[in-house]
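The values are calculated or read from the model by the stated rules, or taken from the named source; none is laboratory data. Because the structure is a prediction, the values reported are computed rather than measured. Note: ideal-geometry Cβ built from the backbone for every residue, glycine included; neighbour counts use all protein chains shown.
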Ligand code: PRT
């Protein structure tokens with residue numbers, strides 16, 4: 001366990017890669033002020049007792065597990081692959097991807113069971129072996145550092161196991177998915193020792209509340225609309241899962257204004273239904289922060 005010199009928290013963030021921008025954006029949106037400089041490993045926050053440590057993605061699970069840092073932002077797949085003992089504190093809703101086994105378009109393989117006796121190239125050997133063991137498939141795992149998609153064309157492997165987000169890398173390389181191992185997104189992770197440490201836990205909780213408020217605000221829209229009072233039951237029934245909306249009488253008799261927060265996932269559907277129920281002058285605003 002690394003010795004820590006002070007009581008400032010440390011959070012590990014990918015230094016340069018797919019998760020970097022959204023990780024730092026999230027922390028800024030949670031109200032943290034810091035500067036990023038090229039080639040600087042450490043960015044101290046000016047308004048919170050926290051230092052950002054910019055490191056390689058694959059190092060983050062171990063740094064968090066060993067207490068080199070208290071917190072980290074990393075893809076869930078990376079923790080799973082590292083087998084790290086860390087606590088997942090929040091799902092961050094970016095860095096979405098799926099770990100799949102894929103084969104050449106013209107392959108005769110239709111099921112993962114048919115991989116028995118064949119070679120699968122991957123940079124995710126632990127996840128692949130776990131999957132093969134669970135399914136009782138005896139295939140050869142060919143460990144590579146990257147560029148798995150080229151392995152079948154180079155006759156290094158018969159199939160690959162790699163992360164997919166848009167699917168374009170598979171398409172460009174004439175591959176098709178055969179099986180899905182798991183889905184992943186970026187997560188906030190914590191070191192179990194730091195979380196149990198009375199000197200660190202309160203600050204971690206405060207930071208967690210800020211990040212949560214920021215995440216909640218990001219997935220909600222504030223909707224304001226006008227509606228005939230007679231349409232109120234229908235309008236309210238369209239705004240499910242939320243606490244009772246705010247209803248304000250308007251100067252025009254029999255008209256009310258309704259204000260409510262609506263989940264981004266169902267946002268367009270809800271808007272169409274509100275309109276069909278007789279709502280008008282629908283105004284939609286972004287929410288800066290939201291604490292439940
Ligand atoms: O460079 P560093 O050492 O810091 O790490 P790294 O090379 O592992 O980082 P990076 O930036 O490639 O990936 C960081 C994390 O982003 C991953 O651990 C995942 O959690 C997440 N992520 C999300 C992805 C993808 N989507 C993704 N599509 N990571 C990699 N890919 C690759 C995939 O391996 C394949 O080569 O993108 C290609 C497929 O993409 P599509 O869009 O064509 O399907």
Within the range 142-173, of all residues that are more than 28 Å from the chain's Cα centre (by Cα) and under 14 Å from residue 103 (Cα atoms), the one nearest to the ligand (Cβ to nearest atom) is 151
Flagged in the range 30-42 as in contact with a helix residue (DSSP H, G or I) (Cβ under 9 Å, 6 or more places away or on another chain) and under 23 Å from residue 201 (Cβ atoms), in numbering order, are 30, 31, 32, 34
Taking the range 174-192 and keeping only residues that are within 13 Å of the ligand (Cβ to nearest atom), over 19 Å from residue 118 (Cα atoms) and buried (at least 18 other Cβ atoms within 10 Å of the Cβ), one is left with 184, 186, 187, 189
Within the range 252-264, of all residues that are touching a residue at least 12 places away in the same chain (Cβ under 8 Å) and more than 18 Å from residue 289 (Cα to Cα), the one farthest from the chain's Cα centre (by Cα) is 254
Condition set out of contact with any strand residue (DSSP E or B) (no Cβ under 8 Å at 6 or more places or on another chain) and outside any helix (DSSP H, G or I), scope the range 193-213, selection surrounded by the most Cβ atoms within 10 Å (Cβ to Cβ): answer is 197
Looking across the range 268-290 at residues that are in a strand (DSSP E or B) and under 30 Å from residue 32 (Cβ atoms), the single one that is nearest to the chain's Cα centre (by Cα) is 286
Those helices (runs of 4 or more DSSP H) completely within the range 1-91 that have 3 or more residues that are within 16 Å of residue 208 (Cα to Cα) and modelled with pLDDT of 95 or more are 20-29
Residues of the range 118-141 being away from the ligand (no atom under 16 Å from the Cβ), part of a strand (DSSP E or B) and either touching a helix residue (DSSP H, G or I) at 6+ places or on another chain (Cβ under 8 Å) or within 24 Å of residue 58 (Cα to Cα) (or both), in sequence order, are 140, 141
When (1) surrounded by fewer than 21 Cβ atoms within 10 Å (Cβ to Cβ); (2) in contact with a helix residue (DSSP H, G or I) (Cβ under 8 Å, 6 or more places away or on another chain) are applied to residue 79, the one that fails is (1)
Tell me whether the range 39-47 contains one or more residues that are over 18 Å from the mean Cα position of the chain (by Cα), under 26 Å from residue 217 (Cβ atoms), buried (at least 19 other Cβ atoms within 10 Å of the Cβ) and within 15 Å of the ligand (Cβ to nearest atom).
no
